[in-house]
Amino acid sequence: MKILVVFSVFRFVIFAFLTSSCCSASAASSTSASADPLKSILGNADLGPLKSGILDDGQAPGPAVDVHQKTLVLAGNRTRRPDILRGFKRYQGGWDFTNKHYWASVGFTGAAGFIFAVLWFVSFSVALVVHFCCGCRIHIKGKRSEHSQKICIILLILFTCASAIGSILLSLGQDEFHGEVLHTLDYVVNQSDYTVHMLRNVTEYLSLAKTINVSQVILPSDVKDEIDELSVDLSSAAETLTEKTNQNAAEIKRVFNIVRSVLITVAAVMLLFALLGLALSLLGHQHAIYIFIFSGWLLVAVTFILCGVFMIFSNAISDTCTAMQEWVDNPQAETALSDILPCVDERATNQTLTESKKVVAGIVNVANQFIYTYADTNRPRGDMFYYNQSGPMMPPLCYPYDDLLQDRECGLQEVSMINASVVWKSYVCSASEDQICSSVGRLTAEMYDKLVAAVNVSYAIKHYTPPMLSLQNCNFVRDTFMEITSNYCPPLVRYLHMVDVGLGLISVGVMLCLIVWILEADRPQREEVSVKFPLPVIGYRKDEESGHRREADVDSVSPSRTV
């Protein structure tokens, strides 16, 4: 069995998420073929077909395939982007994580955030230099100063609200994105655990096949040697797959925990920054606002850069999901996945299934040959096959296939593989030390154990061959990809967009707040106004008629009072 498919599937799926988070380079290199302990079972070494065994697919002729096999460019419509490495010419190669030009085109999707960060950093630094060094300041004076001040406060409140909404979206988006990444990772790990469990079960049952020895009816020695080699390879595959899956899963969790911490920090810092800036502006602490202006200048640039990085994440994940969906829809096409998912053709898979059926039929023949030749015969004393077998005839084991190796129903006198051990238990006799029955029965306990072992092996091969074939012909991979693209990709992309929107709102909101803060910092803290208050001077004059003195307003003085 080509276990290459098993290992490559999960290496690819895990690698897809690693590359989406820009941390896959080390993970990919750690699984290089040169250091892979599975090399002997990844198609690079000839194990030799197991005679009449489930591995005899190497002898199967391939189907007649057109020389001009259809080549499919995965995610071709999504990936037609400018290639930075080729002078911004359109990239035409489609999704291919091994192609540096693909990554250059994906990196271009984050150019907007990076360009905004550079433009903001340069332009605002020039504006600050001109503002403070050249003395070019904007003063709000005149009759409309109070009206302009109110407009600035209203705008500052609106921009701070926009930053707060962006922080909330960023917090919610990163939390949902982080949870969905872990959910997707758990699904991949569960699929890997299922594969490992199946490989180990097959290994155990193949080991039991070596012990089949029912009254000197055993498997040939060359078949036993093939079973030994296969068991070692399957055990190594299961151990390596478990190790690599756990290692990559831990690395992915570590990276995304760091990403989560960074986003939470950005959301909290920017929200606190905007609220404190608003409070200081309302309280009129202009000198403290200058500190926020310089800090915000750097924070906005960093936020724009993060926005560009997450645009790359979003496009890389969307490309990968689209590529997986197109590969599922076109399994026979030659794609960028063909090298890492070497699926065999349907005809070779059918040949493997045919050979596995022959193995099952052969083991059933071994069991029934013993039953017909030894157990259900009444041998005379002294016969070499005599062990005092007696009593009712025991039923033979059901042949699961007919002469054409098609499924058939069991006959009335046959026992199925599922209940054979229970039915045959009633035919076990009490035996002496020399394995002679001392009671009625057709089997000794030792013979019964060997028959049951043969049945278990045949049942295991019959039961596990279809799942193993689904690994070989990539049906298992196809189902896994279909599940990921249907149930996991949409929420991942949706929450990444929420993170992008949150970062954008924070960047723009704080950027506009900085502009308003500069205007607020230039506003004078006090205005001196000269107001004249007419103060009457009280004097006395003599009434000429009555001769009495009367109060009179002699003059008025209007001193200036400075407020």
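The values are calculated or read from the model by the stated rules, or taken from the named source; none is laboratory data. Just so we're clear, the structure is a prediction, and the values are computed from it rather than from any experiment. Note that we place each Cβ from the backbone using ideal geometry, even for glycine, and neighbour counts take in every protein chain shown. Accessible surface is based on the protein model in full, side chains and every heavy atom, while ligands, DNA and RNA are left aside. Shrake-Rupley method; radii C 1.70, N 1.55, O 1.52, S 1.80 Å.
Structure values in brief
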item: Length added when fully stretched, Ser390-Cys133, from 0.36 nm per residue minus Cα-Cα; result: 81.1 nm
item: Net charge over other residues, Cβ less than 12 angstrom from the Cβ of Arg494 (K, R count +1; D, E count -1); result: -3
item: Using a Förster distance of 22 Å, the FRET efficiency for His497-Tyr187 (Cβ separation, nearest 0.05); result: 0.50
item: Separation of the Thr265 and Ser235 label points, Cα + 7 Å toward Cβ, nm; result: 4.7 nm
item: Gyration tensor verdict on segment 466-507 (Cα atoms; rounded if a/c is under 1.5, prolate if a/b is larger than b/c, oblate otherwise); result: prolate
item: Solution diffusion estimate, µm²/s, Stokes-Einstein, segment 381-449, Kirkwood Rh from C-alpha pairs, 25 °C, viscosity 0.890 mPa s; result: 182 µm²/s
item: FRET efficiency for Lys224 and Glu414, using Cβ-Cβ distance with R0 set to 35 Å, rounded to 0.05; result: 0.80
item: Rounded FRET efficiency, nearest 0.05, which uses the C-beta distance separating Ser295 from Leu208 and R0 of 60 Å; result: 0.30
item: Derived scalar couplings ³J(HN,Hα) [segment 384-390; Karplus, 6.51 cos²θ - 1.76 cosθ + 1.60; whole Hz; x for Gly, Pro]; result: 5, 9, 7, 9, 6, 6, 7
item: Backbone HN-Hα couplings from phi across segment 429-444 [Karplus 6.51/-1.76/1.60, Hz, Gly and Pro as x]; result: 9, 7, 10, 7, 5, 8, 6, 10, 5, 10, 9, 5, x, 10, 9, 8
item: Accessible area per residue in Å² at 1.4 Å probe, computed on segment 350-442; result: 56 Å²
item: Per residue, the convex hull volume that the Cα atoms of segment 145-203 enclose (Å³); result: 34 Å³
item: ³J(HN,Hα) computed for each position of segment 499-506 - Karplus, 6.51 cos²θ - 1.76 cosθ + 1.60, integer Hz, glycine/proline x; result: 5, 4, 5, x, 5, x, 4, 4
item: Segment 361-421: C-alpha gyration tensor shape, a/c 1.5 cut-off, then a/b vs b/c; result: prolate
